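These notes concern the structure reproduced below.
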Amino acid sequence: ERFFTRHGEYSKALLDQQGAFIDILRVMFRTKYGRVADSVFYMLGGNNAFNYSKAIDKLEGYISPMFAAISSRMQGPNRDKYGFIYRYNGTNGFNYTIRTGINDLTIKGQMVDFASEYTPFKTAFENWQTTIFDGMTFPILGNPTNRKVINVFQPDFCRPVQLRYNRTVSKFGFPHLHEYVLKLVDVEKCPEMDEFCPEADKIDITKCLSTEIPEETLYLTKPHLYGHNSSYTNVDFKPDFDKHESTIYFEPITGTPIQARLRIQLNTNAWIDRLTLNPDGSTDPSGTRAVRRFTPMVWIDQVKPSFHLFL
């Protein structure tokens with residue numbers, strides 16, 4: 001069952017308008033309790049999973065009733081508020097070691113290890129069954145390309161994502177550019193991450209945002225879950241390539257990224273508690289078992305002259 005409908009064409013004015021948004025801090029805190037939450041949770045988090053605020057606050061940072069309980073456990077810079085963009089604004093908390101490729105341009109940009117200031121997560125190349133690049137530096141590709149896929153480690157979500165060759169085009173004043181598209185390959189299910197790996201409908205990114213909440217709480221998808229057989233979620237719309245796919249264009253000889261279009265969606269698989277509506281308009285928890293609802297939170301659509309996924 002679909003509870004929300006799309007507003008329509010994007011307008012910047014919408015960012016300053018108020019609406020009901022799911023409170024991600026409350027969602028994370030709710031996972032500490034069972035299917036039937038006790039009164040302590042409602043005292044701290046209130047009854048409603050949604051809060052009423054401006055859209056811009058969800059990006060630039062906000063303080064909700066749950067913030068005091070969560071902020072002391074936050075790691076890294078920018079902890080005065082909570083927001084997807086606010087946390088990383090003006091900071092560089094991702095630390096890569098990469099291969100320079102001075103003597104071999106085919107390995108230029110390969111990740112050796114990675115650490116983040118925002119979470120305890122660390123990794124190194126030996127933890128993966130495929131070659132992974134840092135997303136800032138790319139190897140030469142050749143024309144025709146000699147790489148069907150380029151796997152990039154995505155620091156915001158602590159996992160690799162795949163760029164898969166799609167076609168060669170004439171664009172942006174260049175006679176030949178290789179077009180690659182984003183594929184959300186689940187590395188746990190297809191660790192080799194080659195061009196034959198199926199694309200997942202959603203990727204669990206919970207562990208990268210917090211080590212204290214259970215898996216299957218926060219998910220990365222393409223907008224409207226584009227790119228797979230999503231007939232069970234696509235109600236009243238048919239997502240298309242031009243509005244829902246992420247693309248990047250490489251100059252073939254040097255491997256230089258010329259332009260990229262990033263389109264992703266962040267979602268939560270939240271526990272929603274049933275409430276009883278009183279005659280005076282107030283609400284009380286019904287005391288019944290909560291239900292799971294897969295709820296979109298943020299849809300990011302941006303053009304970049306050079307490419308680092310989501311950073």
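Read-outs: derived from the displayed coordinates by stated rules, not from any lab. Every value quoted in this text rests on a predicted model; they were computed, and no experiment measured them. Virtual Cβ from ideal backbone geometry, glycine too; neighbours counted across all protein chains shown.
From Cα pairs below 8 angstrom and at least 6 apart in sequence, can you work out the relative contact order of the chain, rounded to a whole percent?
RCO, the chain: 14 percent.
What's the local net charge at residue 139, with K and R +1, D and E -1, over the other residues with C-beta under 14 Å away?
+1
Give me D for the stretch 12-304 in µm² s⁻¹, whole number, from Stokes-Einstein with Rh from the Kirkwood sum over alpha-carbon pairs, 20 °C and 1.002 mPa s.
102
How much length, in nm to one decimal, is gained on full extension between residue 75 and residue 284, taken as 0.36 nm per residue of separation minus their Cα-Cα distance?
Result for the pair: 71.8 nm of gain on full extension.
Grab the Cα-Cα distance for residue 107 and residue 40, subtract it from 0.36 nm times how many residues apart they are, and report the gain in nm with one decimal.
That works out to 18.7 nm of additional length.
Among 152-158, 95-101, what's the highest-first ranking by average C-beta atoms within 10 angstrom per residue?
Descending mean neighbour count gives 152-158, 95-101.
Decide, for the stretch 181-231, between rounded, prolate and oblate: order the square roots of the alpha carbon gyration tensor eigenvalues as a ≥ b ≥ c, take rounded if a/c falls under 1.5, and otherwise choose prolate if a/b is larger than b/c, else oblate.
oblate
Calculate the FRET efficiency for residue 254 and residue 291 from the Cβ-Cβ distance with a Förster distance of 41 Å, rounded to the nearest 0.05.
0.20
Straight-line reach from residue 202: which aspartates and glutamates have Cα under 12 Å away, leaving out those fewer than 8 places along the same chain?
Partners found: 186, 216.
With the dipole of the stretch 125-190 worked out from charges on the C-beta (+1 for Lys and Arg, -1 for Asp and Glu) around the Cα centre, which of 154, 182, 136 lies farthest toward the positive end?
Ranked along the dipole, the leading option is 182.
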